[in-house]
Amino acid sequence: MEKAKLLIAEDEKTQRDLLEGFLKKEGFSVEAVANGREALRMLEGNFFDLALIDYKMPELDGLQTLREIRKLYPDFPVVMMTAYGTVETAVASMKEGALDYLTKPIDLDELLLMLQKVIERSTLIKENKELRTQLQDRYQFTNIVYGSSVMEEVMGLVARVAPSQATVLIRGESGTGKELVANAIHYASPRSQKPWVKVSCAAIPETLLESELFGHEKGAFTGATQRRIGRFEEADGGSIFLDEIGDLSPSTQVKLLRVLQEKEFQRLGSNLNLKTDVRVIAATHRNLEEAIQKELFRQDLYYRLNVISIALPPLRDRREDISLLIDHFLKKYSEENQKSISDISKEARALLLRYPYPGNVREVENLIERAVILCRGEMITTQDLPFHLREEKSETLWESSEKQKSLPESLEEIERDSILKALHQHQGVQTKAAESLGISERVLRYKIKKYGIRQ
Ligand SMILES: Nc1ncnc2c1ncn2[C@@H]1O[C@H](COP(=O)(O)OP(=O)(O)OP(=O)(O)O)[C@@H](O)[C@H]1O
Ligand SMILES: [Mg+2]
């Protein structure tokens with residue numbers, strides 16, 4: 001078993017020494033105190049895996065101590081030690097949230113067994129939780145799909161900045177993949193095994209955001225009934241994703257600036273400076289320069305955040321990606337919905353390729369997911385696409401979002417899309433891709449070069 005850290009609160013010295021000695025010999029790291037108050041003080045400043053608390057103590061008894069602990073650390077495991085035969089006290093303790101109880105005189109073997117169980121259980125729960133979110137995020141990392149040269153450049157930058165400690169600002173319209181890229185940076189960084197904490201600055205009411213980010217002490221404001229650890233503390237050693245950073249209030253901007261400059265912050269309602277080692281990755285879809293002009297965003301904070309800036313182009317500026325994204329989401333959602341949809345009809349694909357996607361990649365994703373769910377056969381048809389795509393008007397929609405393209409330009413676009421799709425379908429094997437396109441391999445090679453397609 002890994003060396004766990006235990007706190008013992010017991011007023012009788014002989015009993016306390018006995019327990020401390022025994023548990024240390026068994027390889028635990030132990031702090032022993034004589035009463036409930038000292039126990040609380042110990043918990044304030046140190047990390048423990050578990051506390052063993054005597055029920056009968058002067059001043060603050062075991063039950064009162066347990067209640068105080070619950071207020072500060074709702075999930076912290078506490079085991080109560082009660083006198084033999086007092087079942088009621090044991091029951092009361094369990095009701096107040098003790099994990100277990102031991103009756104005195106304490107059977108040391110029983111104690112050991114229980115500790116093993118408790119600690120294994122809590123590390124298991126913790127590991128499971130971490131593993132699950134990491135797996136989810138990592139799955140996304142390997143699934144950044146692109147074929148355009150603009151995205152290739154972006155991903156090159158991502159790969160170069162990931163291993164550094166630099167603060168990164170990710171910009172781009174809604175749905176362009178900012179969060180996906182943020183995940184990629186964290187998981188390709190030396191901090192990948194450490195916490196990856198995400199905060200959406202726009203989703204949390206302004207009044208709560210500061211306490212969310214920096215934590216608060218009990219009583220810091222009305223309703224602060226227990227101490228709360230902030231997200232910066234949680235992220236210590238790892239990275240924090242500050243999404244929608246453009247929505248921060250002026251006072252939060254000042255505090256964030258301080259974290260970036262001094263690597264220090266305070267919990268709300270406390271003067272204690274806490275050190276933090278956190279890499280900040282921020283994202284916004286807003287125009288920060290404009291916000292600075294309007295004095296909504298601090299320039300000094302902007303410079304601190306903008307050490308490295310990654311701009312994700314809107315999908316309309318990388319239309320070569322659309323075809324690959326369609327195929328990617330088709331596969332993803334057929335698997336997820338246990339359907340065996342293998343393709344999209346020519347007409348449906350043409351509609352999908354023509355659509356302007358004001359909602360960027362997210363809109364491609366939503367359209368395909370919807371189509372997969374609606375689709376009855378093995379091929380998606382125009383019937384599975386929403387009406388606004390099928391209307392002739394979508395032509396106008398498309399025009400309004402971008403300047404009219406010349407015919408040769410449009411034809412080139414279609415050609416490039418078809419080539420990308422063929423290559424993707426045949427895992428990049430050019431002979432096969434050329435065959436399916438009905439052109440010679442030599443012509444295909446020429447066109448790949450012409451369109452700068454990544455191989
Ligand atoms: N290149 C890509 N390859 C595969 N999936 C992508 C790609 N880009 C985005 N997605 C998917 O599109 C959806 C939107 O992406 P994401 O949430 O990262 O966008 P965002 O820029 O953070 O948007 P918002 O500003 O609205 O928060 C997600 O489900 C994401 O997995
Ligand atoms: Mg986002």
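The values are calculated or read from the model by the stated rules, or taken from the named source; none is laboratory data. None of these values were measured; they are calculated from a predicted model. Virtual Cβ from ideal backbone geometry, glycine too; neighbours counted across all protein chains shown. What goes into the accessible areas is simple: the full protein's heavy atoms, side chains included, and nothing from ligands, DNA or RNA. Shrake-Rupley method; radii C 1.70, N 1.55, O 1.52, S 1.80 Å.
Given the criteria farther than 18 Å from TYR146 by Cα and crowded, with 16+ Cβ neighbours inside 10 Å, does SER342 qualify? It is false that SER342 is farther than 18 Å from TYR146 by Cα and crowded, with 16+ Cβ neighbours inside 10 Å. Contact map, the range 400-427: first residue farther than 20 Å from ILE326 by Cβ, second residue at pLDDT 75 or above, Cβ cut-off under 8 Å, separation 6 or more or different chains; pairs are LYS405/GLU413. Condition first: closer than 21 Å to GLN425 by Cα and within 14 Å of ligand 1 (Cβ to nearest atom). Can you find one or more residues in the range 371-378 that meet it? Scanning the range 371-378, I find no residue that is closer than 21 Å to GLN425 by Cα and within 14 Å of ligand 1 (Cβ to nearest atom), so the answer is no. Can you pull out every residue in the range 135-158 that is away from ligand 2 (no atom under 14 Å from the Cβ), assigned to a helix (DSSP H, G or I), under 18 Å from ARG362 (Cα atoms) and at pLDDT below 90? Across the range 135-158, the qualifying residues are GLN136, TYR139, PHE141.
Just the residues that are β-branched (Val, Ile, Thr) and either more than 9 Å from ligand 1 (Cβ to nearest atom) or exposed (fewer than 15 other Cβ atoms within 10 Å of the Cβ) (or both), please, taken from the range 139-158.
Scanning the range 139-158 gives THR142, VAL150, VAL154, VAL158.
Residues in the range 351-368 that are under 25 Å from the mean Cα position of the chain (by Cα) and at positive phi: how many? Step through it out loud before you land on a result.
The initial filter retains those residues of the range 351-368 that are under 25 Å from the mean Cα position of the chain (by Cα), namely 359-368.
Then keep just the ones that are at positive phi; that gives 360.
Total meeting the criteria: 1.
Scanning the range 159-183 for residues that are among the small types (Gly, Ala, Ser) and either outside any helix (DSSP H, G or I) or surrounded by fewer than 22 Cβ atoms within 10 Å (Cβ to Cβ) (or both) yields ALA159, ALA162, SER164, ALA166, GLY172, SER174, GLY175, GLY177. Within the set THR225, THR207, the sole residue that is surrounded by fewer than 17 Cβ atoms within 10 Å (Cβ to Cβ), within 20 Å of PHE297 (Cβ to Cβ) and assigned by TED's automatic domain parsing to the domain that holds GLN253 turns out to be THR207.
In the range 167-186, the condition of being under 24 Å from GLY269 (Cα atoms), among the acidic types (Asp, Glu) and either away from ligand 1 (no atom under 16 Å from the Cβ) or more than 12 Å from the chain's Cα centre (by Cα) (or both) is met by no residue.
Put simply, of ARG267, ARG304, ARG286, ARG298 the only residue that is open to solvent by 10 Å² or more (accessible area, probe 1.4 Å), in contact with a His (Cβ under 7 Å, 6 or more places away or on another chain) and not assigned by TED's automatic domain parsing to the domain that holds LEU352 is ARG267.
In the condition set (1) more than 26 Å from GLU179 (Cβ to Cβ); (2) outside any loop (DSSP other than H, G, I, E, B), LEU213 is compliant with all but (1). Of all positions in the range 325-333, at least one carries a residue that is hydroxyl-bearing (Ser, Thr, Tyr) and open to solvent by 10 Å² or more (accessible area, probe 1.4 Å).
Give me the residue from the range 257-296 that is of a type in the set (S, T, N, Q) and not in a loop (DSSP other than H, G, I, E, B) and, out of that set, nearest to ligand 2 (Cβ to nearest atom). Steps first, answer last, please.
Here is the first cut: in the range 257-296, the residues of a type in the set (S, T, N, Q) are 261, 266, 270-271, 273, 276, 284, 287, 293.
Next, from what is left, pick out any that are not in a loop (DSSP other than H, G, I, E, B): 261, 284, 293.
Working: GLN261: 26, THR284: 9, GLN293: 24 Å.
Per the criteria, the residue is THR284.
Scanning the range 17-46 for residues that are small (Gly, Ala, Ser) and free of Cβ contacts under 8 Å to residues at least 12 places away in the same chain turns up GLY21, GLY45.
Scanning the range 308-323 for residues that are assigned to a helix (DSSP H, G or I) and in contact with a Ser or Thr (Cβ under 9 Å, 6 or more places away or on another chain), we see that the one that is surrounded by the fewest Cβ atoms within 10 Å (Cβ to Cβ) is ASP317.
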